[in-house]
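Chemist: Mind looking over this structure? Questions follow.
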Amino acid sequence: MPETLFSLAEQIRRCTACPLWKQRTLAVPGEGPKNAKLLFIGEAPGVEEDRQGLPFVGRSGKFLTEMLNQIGIDRKTVFITGSVKCHPPKNRVPKTKELAMCKELWLDKQVSLLKPKLIVLLGSVAIQSSLGEKKDLANVHGLVVEKEGLHYFLTYHPSAAMRFPAVRKLMEDDFKKLKRVLN
Ligand code: SF4
């Protein structure tokens, strides 16, 4: 049977490949239509995401939905997932090995099935995971980067924008750029 986003999600929910599975309630494979042209990748499920098994459903999810609405994008038309699919204990940052494992097993397959026109990387962990190197967001936010035939738009994570008004302004400007890129 050929793999689909649905069959991948079923496997992700049972995955025990890295230590993060031990303390999860529900894995969070991601959500969105299979023909989505835009893919958003965040960091890791938070407490509420872990409880519901859905991405970006907490406060930062509401913020992301508002940011999308501001540039005329309906959240239901995009695919949203995380760099890792299981909630790290005490909200710690996923370790490099966990990021690499989850990407190789799941994220890369999701990307190759979706074939998105553009991948929006939300925050430095998503950038590290997908581009394979750490970058200073202050220098790269708002840029489109091409790697191995995929196009990435780099910006901040909603939770950082919610905490710091200056970052919020930068992220809002990035989303206006994103709209121009998409047009
Ligand atoms: S974080 Fe990813 S690799 Fe680790 S257990 Fe969860 S689904 Fe598997």
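Chemist: Can you tell me the length gained on complete extension of the stretch ILE71 to ASN183, counting 0.36 nm per residue apart and subtracting the Cα distance?
Modeler: Numbers: separation 112, 0.36 × 112 = 40.32 nm, distance 1.12 nm.
The span from ILE71 to ASN183 would gain 39.2 nm if fully extended.
Chemist: Under unit Cβ charges (Lys, Arg +1; Asp, Glu -1), what dipole magnitude, rounded to 20 debye, does segment 28-146 have relative to its Cα centre?
Modeler: On the way: 18 positive and 13 negative charges, 30 e Å.
Magnitude of the dipole: close to 140 debye.
Chemist: Would you mind checking the pairs LYS109/LYS135; LYS90/LYS115; LYS90/LYS147 and listing those with alpha carbons more than 27 angstrom apart? Walk me through the numbers before you get to the answer.
Modeler: Working: LYS109/LYS135 24 Å; LYS90/LYS115 33 Å; LYS90/LYS147 33 Å.
Where the Cα-Cα span goes over 27 Å, the pairs concerned are LYS90/LYS115; LYS90/LYS147.
Chemist: Springs between alpha-carbon pairs under 10 angstrom, Gaussian network model over the chain: which of LEU99, LEU113, LEU39 fluctuates most?
Modeler: LEU113
Chemist: For a quick check, take a GNM of the chain with Cα springs below 10 Å and name the residue from ARG14, ARG75, ARG168 with the largest mean-square fluctuation.
Modeler: Of the options given, ARG14 has the highest mean-square fluctuation.
Chemist: Write down the Å³ per residue value for the convex hull defined by the alpha carbon atoms of segment 5-182. Present the calculation step by step, with values, prior to reporting the outcome.
Modeler: Values: hull volume 18.4 nm³, N = 178.
It comes to 103 Å³ per residue, whole-number rounded.
Chemist: Also, I was wondering about something else. Sorted by packing (mean other beta-carbon atoms within 10 Å per residue), highest first, where do 130-141, 152-163 land?
Modeler: Details: 130-141: 14.2, 152-163: 21.6.
Going from most to least packed, we get 152-163, 130-141.
Chemist: Compute the separation of the alpha-carbon centres of segment 28-99 and segment 109-183 and state it in Å as a whole number.
Modeler: Answer, in whole Å: 13.
Chemist: Under a point spin-label approximation (7 Å from Cα along Cα-to-Cβ), what is the LYS169-GLU133 distance to one decimal in nm?
Modeler: Distance between the two pseudo-spin positions: 3.1 nm.
Chemist: Normalising by the residue count of the chain, find the relative contact order in percent from Cα pairs under 8 Å and 6+ residues apart. Show your work: numbers first, answer last.
Modeler: Working: 323 pairs, mean separation 41.1, N = 183.
22 percent.
Chemist: For segment 174-183, what does the Karplus curve 6.51 cos²θ - 1.76 cosθ + 1.60, with θ = phi - 60°, yield as ³J(HN,Hα) per residue in whole Hz, taken in order and with x for Gly and Pro?
Modeler: 4, 5, 5, 5, 4, 4, 5, 4, 5, 6
Chemist: Using the Kirkwood radius over Cα pairs, work out the Stokes-Einstein diffusion coefficient for segment 2-49 at 37 °C and 0.692 mPa s, in µm²/s as a whole number. Present the calculation step by step, with values, prior to reporting the outcome.
Modeler: Working: Rh = 12.3 Å.
It diffuses with D of about 268 µm²/s by this estimate.
Chemist: While we're on this one: Tell me which of CYS86, LEU154, GLY61 sits at the most positive position along the dipole axis of the chain, charges placed on C-beta atoms (Lys, Arg +1; Asp, Glu -1).
Modeler: My answer, from the dipole projection, is GLY61.
Chemist: Could you tell me which of rounded, prolate or oblate describes segment 1-95, using a ≥ b ≥ c as the square roots of the eigenvalues of the alpha-carbon gyration tensor, with rounded for a/c under 1.5 and, failing that, prolate when a/b is larger than b/c and oblate otherwise? Mind dumping the intermediate values first?
Modeler: On the way: a/c = 2.39, a/b = 1.24, b/c = 1.92.
Verdict is oblate for segment 1-95.
Chemist: Please label the shape of segment 124-183 as rounded, prolate or oblate, based on the square roots a ≥ b ≥ c of the eigenvalues of the alpha-carbon gyration tensor (a/c under 1.5 means rounded; beyond that, a/b larger than b/c means prolate, else oblate).
Modeler: Values: a/c = 2.44, a/b = 1.25, b/c = 1.94.
Judged from the Cα gyration tensor, segment 124-183 comes out oblate (a/c at least 1.5, b/c at or above a/b).
Laboratory data are not the source of any read-out in this text; all were calculated from the coordinates shown. From a predicted model like this one, the values you see are computed outputs, not experimental measurements. Every residue, glycine as well, gets a Cβ built from its backbone with ideal geometry; the counts of neighbours run over all protein chains shown.
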